[in-house]
Amino acid sequence: DAGITQSPRHKVTETGTPVTLRCHQTENHRYMYWYRQDPGHGLRLIHYSYGVKDTDKGEVSDGYSVSRSKTEDFLLTLESATSSQTSVYFCAISVVGVWLPGNTIYFGEGSWLTVV
Amino acid sequence: GESVGLHLPTLSVQEGDNSIINCAYSNSASDYFIWYKQESGKGPQFIIDIRSNMDKRQGQRVTVLLNKTVKHLSLQIAATQPGDSAVYFCAETFQGAQKLVFGQGTRLTINP
């Protein structure tokens, strides 16, 4: 395993409540990513970070915010959870950006979130 | 827009046979492709990658073929084993991009 810990691994929450998912890495990799995985959509990028305090949006960023105050932690926050955000969330890390030579992207084990 | 898809959502093979999983992509600018394996309840695991300056790359029991003319990618698994049962995803990206675009996935089932 690539030294990625996601927490919580499973969570059930109510619509309208805030939720924060945490991704912790021990690899000191520069890049961190949050993906969601849904049936029929595969994996889709929510947000990514290319350094401490440096973040950018992915393709499905609406309703989500992120923060990265330390190299090892990347937080994903749902400010007001909705049922459409019920999904499996994966954190990923890489040494360099996705395209660059020598890159391998490692994924965490996932966080199952259910919004009722 | 860019998209990556798979021809077959499921594939069943006999143990010991070779498996071929296909992937089509639509973005002609894509020049880096990765295959991932995802077992039930786990995150995707890197298998093998290939860049557009190659048409074939081999790993341990796996081979990836890239046909840029028809925008087609395939993953060949030799002598399929029960542990190969999983969902396989292809992903693409291109120079300067910061995201991978994933296909829908193919579920590979191994019959004893």
*Residue in the range A:75-83 that is within 14 Å of chain B (Cβ to nearest Cβ) and either open to solvent by 60 Å² or more (accessible area, probe 1.4 Å) or touching a residue at least 12 places away in the same chain (Cβ under 8 Å) (or both) present*: no
*Kindly state which strands (runs of 3 or more DSSP E) lie completely within the range A:11-95 and contain at least 1 residues that are more than 26 Å from residue B:105 (Cα to Cα).*
A:19-25, A:42-51, A:54-57, A:64-70, A:73-78
_Suppose we filter the range B:61-89 for residues that are under 13 Å from residue B:31 (Cα atoms) and buried (at least 18 other Cβ atoms within 10 Å of the Cβ); how many remain?_
2
*State the number of residues belonging to the range B:31-60 that are under 17 Å from residue B:89 (Cα atoms), in a loop (DSSP other than H, G, I, E, B) and either in contact (Cβ under 8 Å) with a residue 24 or more places away in the chain or open to solvent by 60 Å² or more (accessible area, probe 1.4 Å) (or both).*
5
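The values are calculated or read from the model by the stated rules, or taken from the named source; none is laboratory data. Keep in mind that this is a model prediction, so the values were computed, not measured. All Cβ positions, even for glycine, are placed from backbone atoms using ideal geometry, and neighbour counts span all protein chains on display. The accessibility values were calculated without ligands, DNA or RNA, using every heavy atom of the protein model including side chains. Shrake-Rupley method; radii C 1.70, N 1.55, O 1.52, S 1.80 Å.
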